[in-house]
Amino acid sequence: MFLRENEIGRRLAPHLRPGDRLLDYGAGTGRISRWLAKRVSVHPTMADLVEYGNRCRELPFLKMEDPFHVPAPDAAFDVVMLLFALHHNPYESQSKVVGEAARLAGRSIVVLEDTPRTRAEWVMNVAWDKVLNLRHGVPTPFSFRTVHEWQAMFLEHGLREAGVETYRPRWPTLMTYHHTLFVLEPESARDFESA
Ligand SMILES: C[S@@+](CC[C@H](N)C(=O)[O-])C[C@H]1O[C@@H](n2cnc3c(N)ncnc32)[C@H](O)[C@@H]1O
């Protein structure tokens, strides 16, 4: 799966700075965090409800008991990443996860999400989601949203959109549906900059 790490890591890298304290909220194996630590010199912390047997052991890991609470103080991280984590929560609780990310982020939140555009893409997305998550026991409610629906939710949390990019990833899903990268700034970061 190193092809996936390269593809995703290269998209995320321009939004990170060397030395950043990075929270990987819903980290899974943590391989993307490890890629970023090596290539961009960030300091990742992994957090997840599920403890993957094959997770990167060299990175700090916060085992979560509550999906809406990461045990860390407000703005404890420069950047919070939510990579393909939100759609593993039911529709009605996704906003709470975004709220928790906003509490923890000092400068920005980076979200990557599956954003299928057509019925055919949605079918492919469901199939890949099932296959890729089965062995780790991660719930797959298939609660995908459109780009506009995510944007509306981020706005409700006062998050300013500093960047958005929709594309068809090559790995591992062979360009069968779209992903979208959102770069968001919490209100507290803007207050700090203007002070
Ligand atoms: C598809 S995996 C993606 C893993 C990793 N971010 C990546 O892209 O390689 C989704 C992960 O998010 C985690 N997750 C989803 N919702 C979560 C929540 N509310 N709190 C903590 N972890 C969550 C799941 O347990 C799972 O490990």
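Dipole orientation for the chain: of the candidates Asn6, Val164, Phe154, Asn6 has the Cα lying most toward the positive pole (charges on Cβ; Lys, Arg +1; Asp, Glu -1). The GNM of the chain, with springs linking C-alpha atoms under 10 angstrom apart, assigns the highest mean-square fluctuation among Leu23, Leu12, Leu174 to Leu174. Considering only DSSP beta bridges with both partners in the chain, what is the antiparallel share in %, to the nearest 5? Antiparallel bridges make up about 45 percent of those DSSP assigns within the chain.
Among the lysines, select those whose C-alpha is under 24 Å from the C-alpha of Lys38, and discard any that sit fewer than 8 residues away in the same chain. Output for Lys38: Lys63. Helix content alone sets the calculated 222 nm mean residue ellipticity of the chain: runs of n ≥ 4 DSSP H residues at -39500 (n - 2.57) each, divided across all residues, give -10500 deg cm²/dmol.
Applying 1/(1 + (r/R0)^6) with R0 = 25 Å to the Cβ-Cβ distance of Trp128 and Arg160 gives a FRET efficiency near 0.20.
Annotation for the stretch 60-147: GluC sites (Glu not before Pro) lying in DSSP loop with at most 15 further Cβ atoms inside 10 Å of their Cβ are Glu65. For the chain, the dipole from Cβ point charges (+1 on Lys and Arg, -1 on Asp and Glu) about the Cα centre works out to 840 debye, to the nearest 20.
Every number in this text was worked out from the coordinates using simple rules, so none of it is lab data. Small disclaimer: the values here were computed from a predicted structure and weren't measured. As a convention, Cβ positions derive from the backbone with ideal geometry for all residues, glycine included, and neighbour counts pool all protein chains shown.
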